[in-house]
Amino acid sequence: TTASAEYAFPLFNARTSFLKEFVQASWYRPITARSTFAASARLGLIQPVGRPDNGGLGPSTDPQVSEFASVPFSERFTAGGESSNRAFSLDNLGILASECGAGVHCETLVADPTRQGKVIAIGGHALSLLTLEYRIPIVGAFGGAPFNDGGTAWRSGTDIALLQFLGVVGTCFRYNTPG
């Protein structure tokens, strides 16, 4: 189990102030002498603190846009990839702008106008991921694991909706390195 809390505050020329919390827990249970059930859950939340200046872009008429823009891309939560939800490529799990209602800002992914069909992860302020996996040996150091991955990243904590929690069932192959 790990937990972290980070506080970013304006210092020198920084233009942002936010609180970021992240919790992760993993649990492993031997089922037989050679097989293991593994479960992992991750939750994250970012809350802007104070009055953001919209990243130096000036004031915004929409307070949610200003708060969202005040957190740098590198600090936002993204999901998808081999270590979160294996059905999606790296950072491509989230909510597309086209899935939001008119005038609603809920996206964590946007369409890339230069590459048809591709998306760009802009990340979000909330994250929830859950992985369940049954690890079984096949031969030697090779093994397999049926799994169930689920979760997504949301623009903000107030956007969290269970209907947007994306899950997938699949199978993966594993190789145990000497250690």
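For the reader, a short list of remarks on this structure follows.
- Order by protection proxy (mean Cβ within 10 Å, highest first), peptides 149-162, 86-99, 123-136: 123-136, 149-162, 86-99
- Label point distance in nm, Gln47-Thr32, each placed 7 Å from Cα along Cα→Cβ: 4.8 nm
- Length available on full extension from Leu90 to Phe165: 0.36 nm per residue minus the Cα-Cα distance, which gives 25.3 nm.
- Relative to one another, the C-alpha centroids of the range 131-158 and the range 73-129 are positioned 20 Å apart.
- Secondary-structure-derived ellipticity at 222 nm for the chain, considering helices only, amounts to -1000 deg cm²/dmol, per-run term -39500 (n - 2.57) for DSSP H runs with n ≥ 4.
- R0 of 30 Å, Cβ-Cβ distance Ala25-Ala102: FRET efficiency to nearest 0.05: 0.20
- Rough spin-label spacing in nm, given labels placed 7 Å along Cα→Cβ, for Phe173 and Gln116: 3.4 nm
- The chain shape via C-alpha gyration tensor axes, a/c threshold 1.5: prolate
- Fraction of accessible area attributable to carbon and sulfur, the range 75-116 (%, probe 1.4 Å): 51 percent
- Sites Glu82 and Ala141 - FRET efficiency at Förster radius 22 Å, r taken between beta-carbons, to 0.05: 0.75
- Full extension of the segment from Glu75 to Tyr7, taken as 0.36 nm per residue of separation minus the current Cα-Cα distance, would add 23.4 nm.
- Rolling a 1.4 Å probe over the heavy atoms of the protein chains gives the range 71-179 an accessible area of 56 Å² per residue.
The values are calculated or read from the model by the stated rules, or taken from the named source; none is laboratory data. Values in this document were obtained by computation on a predicted structure and should not be read as measured data. Glycine also receives a Cβ, built like all others from the backbone with ideal geometry; neighbour counts cover every protein chain displayed. To get the accessible areas, we keep the full protein, side chains included, count just its heavy atoms, and leave off ligands, DNA and RNA. Shrake-Rupley method; radii C 1.70, N 1.55, O 1.52, S 1.80 Å.
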